[in-house]
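Peer 1: Let me begin by handing over the structure; questions about it come next.
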Amino acid sequence: MEQAAGRRDLNTPARIAGFAWLVVIIAGISAEFFLRMPLIVQGDAAATAANIMEAEGRFRLSIAADTVMLLFDVTATVALYLLFRQTDRLLALTAAAFRLIMGAVLAANLLTLGSVPLVLQGADPAAATTVQLLLDIHGTGYDIGLVFFGLHCFLLGILIMKSAYLPRLLGALLMAASLGYLLDSFSHLLLPQGTPFLAMTASALIAVALLAELSISFWLMVKGVKS
């Protein structure tokens, strides 16, 4: 009876973690792919600057969406720690630390995006070049942040495998998918021009990561932990 009560208690952080992680996914994808990316023209700084000036509200909304993502990411991190600390306290704490570091890096990284509208308000003829530089810095900051998230996912996958709160397959998928974040980030950091093979491999693994993250978030929200 005590064990069943303990598992019921774990359902609260489980469902909070699942809901918060789902918001993280939706807000993050919306900010990057639906709001910001359509404004960026690769290789054309002037066109990118012009697009942002014409749709400044949309660009600022992408920053707000990223902020919401980070707020819920902290919530998910704390809930996941509460969920898995009984499985392995040290491993759960380390996983939480990696994810919180990722959040801190990405939060600081938002300053580069917040500076873009300020740069475009001036009459500096080099504004377009400066905007492109800020966007490039933001991209590098994101790569650094995702290194820590990749490590978090790997450790979380181990915790899932050890705890049996979730199907072991999800833990295995998350461990494998974490390599996508690490490969993608380090390929950008070490090889600025990248390679087609690394790009394709990282994209495939990140697709697996998205599937795993969505599956985990829905499982935690709907089914909670196994009794």
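Peer 1: Tally time: how many residues in the stretch 202-220 are open to solvent by 10 Å² or more (accessible area, probe 1.4 Å), touching a helix residue (DSSP H, G or I) at 6+ places or on another chain (Cβ under 6 Å) and among the hydroxyl-bearing types (S, T, Y)?
Peer 2: So the count comes out to 1.
Peer 1: Now for a separate question. Go through (1) in a helix (DSSP H, G or I); (2) over 26 Å from V105 (Cα atoms) one by one and return the number of the condition L210 breaks.
Peer 2: It is condition (2) that L210 fails.
Peer 1: In this structure, does D88 turn out to be touching a residue at least 12 places away in the same chain (Cβ under 8 Å), touching a Ser or Thr at 6+ places or on another chain (Cβ under 9 Å) and of a type outside the set (A, V, I, L, M)? If you could, list the steps in order and put the result at the bottom.
Peer 2: Details: touching a residue at least 12 places away in the same chain (Cβ under 8 Å): yes; touching a Ser or Thr at 6+ places or on another chain (Cβ under 9 Å): yes; of a type outside the set (A, V, I, L, M): yes.
Yes: the conditions hold for D88.
Peer 1: To continue, here is another question. Hey, among the residues in the stretch 17-32 that are surrounded by fewer than 20 Cβ atoms within 10 Å (Cβ to Cβ) and in contact (Cβ under 8 Å) with a residue 12 or more places away in the chain, which one's nearest to L83 (Cα to Cα)?
Peer 2: Here is the first cut: in the stretch 17-32, the ones surrounded by fewer than 20 Cβ atoms within 10 Å (Cβ to Cβ) are 19, 22-23, 25-26, 28-30, 32.
Add one more test, that the residue is in contact (Cβ under 8 Å) with a residue 12 or more places away in the chain, and what stays is 19, 22-23, 25, 28, 30, 32.
Details: F19: 14, L22: 17, V23: 18, I25: 20, G28: 23, S30: 28, E32: 29 Å.
By that ranking, first place goes to F19.
Peer 1: Okay, next question. Taking the condition in a helix (DSSP H, G or I), buried (at least 19 other Cβ atoms within 10 Å of the Cβ) and of a type in the set (D, E), does D136 pass? Please lay out each step first, then the result.
Peer 2: Numbers: in a helix (DSSP H, G or I): yes; buried (at least 19 other Cβ atoms within 10 Å of the Cβ): no; of a type in the set (D, E): yes.
It is false that D136 is in a helix (DSSP H, G or I), buried (at least 19 other Cβ atoms within 10 Å of the Cβ) and of a type in the set (D, E).
Peer 1: Follow-up. When you go through (1) under 15 Å from A76 (Cβ atoms); (2) open to solvent by 70 Å² or more (accessible area, probe 1.4 Å); (3) outside any helix (DSSP H, G or I) one by one for K226, which number turns out not to apply?
Peer 2: Status for K226: all satisfied but (1).
Peer 1: Could you tell me which of the residues D136, D143 is among the acidic types (D, E), in contact with a His (Cβ under 6 Å, 6 or more places away or on another chain) and at pLDDT 90 or above? Please lay out each step first, then the result.
Peer 2: On the way: D136 fails: in contact with a His (Cβ under 6 Å, 6 or more places away or on another chain).
That would be D143, the only listed residue that is among the acidic types (D, E), in contact with a His (Cβ under 6 Å, 6 or more places away or on another chain) and at pLDDT 90 or above.
Peer 1: OK, next. Could you list, in sequence order, all residues of the stretch 57-72 that are over 12 Å from L113 (Cβ atoms) and not hydrophobic (A, V, I, L, M, F, W, C)?
Peer 2: In the first step, residues of the stretch 57-72 are kept if they are over 12 Å from L113 (Cβ atoms); the result is 57-58, 68-72.
Within the stretch 57-72, G57, R58 qualify.
Peer 1: Condition first: in contact with a helix residue (DSSP H, G or I) (Cβ under 9 Å, 6 or more places away or on another chain), of a type outside the set (V, I, T), open to solvent by less than 60 Å² (accessible area, probe 1.4 Å) and farther than 24 Å from E32 by Cα. Can you find one or more residues in the stretch 144-155 that meet it?
Peer 2: Yes, the stretch 144-155 contains at least one residue that is in contact with a helix residue (DSSP H, G or I) (Cβ under 9 Å, 6 or more places away or on another chain), of a type outside the set (V, I, T), open to solvent by less than 60 Å² (accessible area, probe 1.4 Å) and farther than 24 Å from E32 by Cα.
Peer 1: Follow-up. If you check I160 against the conditions, is it in a helix (DSSP H, G or I), surrounded by fewer than 21 Cβ atoms within 10 Å (Cβ to Cβ), among the aliphatic types (A, V, I, L, M) and touching a helix residue (DSSP H, G or I) at 6+ places or on another chain (Cβ under 9 Å)?
Peer 2: On the way: in a helix (DSSP H, G or I): yes; surrounded by fewer than 21 Cβ atoms within 10 Å (Cβ to Cβ): no; among the aliphatic types (A, V, I, L, M): yes; touching a helix residue (DSSP H, G or I) at 6+ places or on another chain (Cβ under 9 Å): yes.
Considered against the rule, which asks whether it is in a helix (DSSP H, G or I), surrounded by fewer than 21 Cβ atoms within 10 Å (Cβ to Cβ), among the aliphatic types (A, V, I, L, M) and touching a helix residue (DSSP H, G or I) at 6+ places or on another chain (Cβ under 9 Å), I160 comes out as no.
Peer 1: Still on this structure, please answer the following. Could you tell me whether the stretch 26-33 includes any residue that is at pLDDT below 95 and of a type in the set (D, E, K, R)?
Peer 2: yes
Peer 1: Only one of (1) without any contact (Cβ under 8 Å) to a residue 24 or more places away in the chain; (2) more than 26 Å from L71 (Cα to Cα); (3) not aliphatic (A, V, I, L, M) fails for Q132. Which number is that?
Peer 2: Of everything listed in (1) without any contact (Cβ under 8 Å) to a residue 24 or more places away in the chain; (2) more than 26 Å from L71 (Cα to Cα); (3) not aliphatic (A, V, I, L, M), Q132 misses just condition (1).
The values are calculated or read from the model by the stated rules, or taken from the named source; none is laboratory data. Just so you know, these numbers come straight off a predicted model, no measurement behind them. As a convention, Cβ positions derive from the backbone with ideal geometry for all residues, glycine included, and neighbour counts pool all protein chains shown. For the accessible areas, the whole protein counts, side chains as well, though only heavy atoms, and no ligand, DNA or RNA atoms are used. Shrake-Rupley method; radii C 1.70, N 1.55, O 1.52, S 1.80 Å.
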